[in-house]
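Notes follow the structure.
The values are calculated or read from the model by the stated rules, or taken from the named source; none is laboratory data. Everything numeric in this text was worked out from a predicted model, so none of it was measured. Neighbour counts are summed over all protein chains in view; Cβ atoms, including those assigned to glycine, are modelled from backbone coordinates with ideal geometry. The area values use the complete protein model at the heavy-atom level, side chains included, leaving out ligands, DNA and RNA. Shrake-Rupley method; radii C 1.70, N 1.55, O 1.52, S 1.80 Å.
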Amino acid sequence: MTLFRGTFLDTPDNPFKGGTLRVDTDAALVVTDGVIVARGPYAEIRASHPAEHIVDLTGGLVLPGFVDTHVHFPQIRAVGGMGMPLLEWLDKYALPEEARMADAAYASSVADEFVRGLAAAGTTSALVFGAHFASAVDTLFTAASRVGLRITSGLVVSDRIIRDDLLTTPARAYDESLALASRWHGVGRNRYAVTPRFSLSCTDELLASCKSVLEEIPGALFTSHLNENEAEIATVAELFGGSDYVSTYERHGLVDRRSVFAHNVHPTDVELKLLAENSATIAHCPTSNAVLGSGLFPLGRHLDHGVRVALGSDVGAGTGFSLLKEGLQAYFCQQLLGDHGHPLSSAHLLHLATAAGADALGLGAEVGDLSVSKRFDAQLLRPVEGSPLAVGITHAADAEDTLARVFTLGTPADIRAVWIDGQLLNDSSGKV
């Protein structure tokens, strides 16, 4: 049993539905076997637990661990490619890196960089686009297990259009996916996600195979891309006889509570209605949308239709692992939409980066906020004295203003410690 003392900020009640930022200063959490069993003012908690070990986190801010709902494991070395839209960027930057995952040693080095990058950014749970090669997905799960992250991932499958060395068949995709799931799904903190790249690169036969895999794995998730780029959307419509993008998945039973679709920058109202009726989630990836010129995400339309939304970093079209940066870019996007944008407070941004993501990944009962009965997945932000963020925090008007400055000025360098299930994560240098 451990007593954590500090200032805790989280959003147990959804700010998009009237909830507010919860702030407890000089508070304490009691954690037993990774679970928060008590929360309250420090003096009261200490009096009730006079002999317990104290971890003093005062002088900083404790937030829930971030939950990234869309990030590509093979693309970390492709970050920074500029000046082209999605399909050209894939051909020049992303897909060559994806092909290199066939080399086991290369995949292993990328996997180590990837999981360290997530942890250093305060991300404790992630829905990860894996690789087109089963051996590379094994490498990812191995690296994540070594660090201790909550990773949901799987074999990426395609059977047309993209480069030949990344293609599979429906039968092989089915066999390799089930074999991977048998090794990793439910083992430690790992779970499996059925992952067709996008319907642009998947025939109906392959998508039907994906549905078969999903039915075989209780508790698995489904993830893919959706309505990211206008040229992509037009090509999907041609390939599927004029169908809208969502329906290419829905016709195979792949749109439901387990489904997380990245982007959805250009949805129709019919598609939004279908997503809402089936309780699917959209992973909003704002820096990626900006880098590739994909467009401004219509958050208000999603909310009006009742579509669930969380945040994704989308490395490598995105600009890094930090969900602080994604939150800030999400705010910019809504500001740029003017009257069509949805006003966002810092509480909204924290919710999108934590509790909304946990809900999307089916982890809402376990993580996403720091309430009693939740797992202690958390991060400590403590900026260097005299830094712009430290100065900003010192002069903040209140807790929500403080959090706004964290999203505006914060970087992974300000994250001093990360815990999963109450266990401190460290890389080889001792800095999480």
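In this structure, does Ser224 turn out to be closer than 21 Å to Ser313 by Cα, surrounded by 17 or more Cβ atoms within 10 Å (Cβ to Cβ), polar (S, T, N, Q) and at pLDDT 95 or above?
The answer is yes for Ser224.
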Take Asp175 and tell me if it is touching a residue at least 60 places away in the same chain (Cβ under 8 Å) and surrounded by fewer than 19 Cβ atoms within 10 Å (Cβ to Cβ).
no
In the stretch 283-338, how many are out of contact with any His (no Cβ under 9 Å at 6 or more places or on another chain), among the small types (Gly, Ala, Ser) and within 14 Å of Val265 (Cα to Cα)?
2
Of the candidates Gly34, Gly81, the one satisfying the condition of being modelled with pLDDT under 95 and surrounded by 13 or more Cβ atoms within 10 Å (Cβ to Cβ) is Gly81
Return the total of residues in the stretch 227-248 being open to solvent by 10 Å² or more (accessible area, probe 1.4 Å), assigned to a helix (DSSP H, G or I) and among the charged types (D, E, K, R).
2
Only one of Glu215, Glu238, Glu176 is of a type in the set (Asp, Glu) and under 27 Å from Val265 (Cβ atoms). Can you tell me which?
Glu238
Options Glu44, Glu98; residue that is in contact with a His (Cβ under 8 Å, 6 or more places away or on another chain) and either touching a residue at least 60 places away in the same chain (Cβ under 8 Å) or open to solvent by 20 Å² or more (accessible area, probe 1.4 Å) (or both)
Glu98
Quick one: how many residues across the stretch 301-328 are under 23 Å from Leu90 (Cα atoms) and either among the charged types (D, E, K, R) or open to solvent by 50 Å² or more (accessible area, probe 1.4 Å) (or both)?
4
Could you tell me how many of the residues in the stretch 368-426 are under 20 Å from the mean Cα position of the chain (by Cα) and among the hydroxyl-bearing types (Ser, Thr, Tyr)?
2
Note down all Cβ pairs under 6 Å where the first residue falls in the stretch 308-334 and is on the phi < 0 side of the Ramachandran plot and modelled with pLDDT of 95 or more, the second is assigned to a loop (DSSP other than H, G, I, E, B) and of a type in the set (Ser, Thr, Tyr), and they're at least six residues apart or on different chains.
Phe321/Ser313; Glu326/Ser313
Of (1) over 20 Å from the mean Cα position of the chain (by Cα); (2) in a helix (DSSP H, G or I); (3) surrounded by fewer than 23 Cβ atoms within 10 Å (Cβ to Cβ), Ile162 fails just (2)
Residue hits (the stretch 389-412; more than 16 Å from Thr58 (Cα to Cα), surrounded by fewer than 19 Cβ atoms within 10 Å (Cβ to Cβ) and either touching a Pro at 6+ places or on another chain (Cβ under 8 Å) or modelled with pLDDT under 95 (or both)) are Leu409
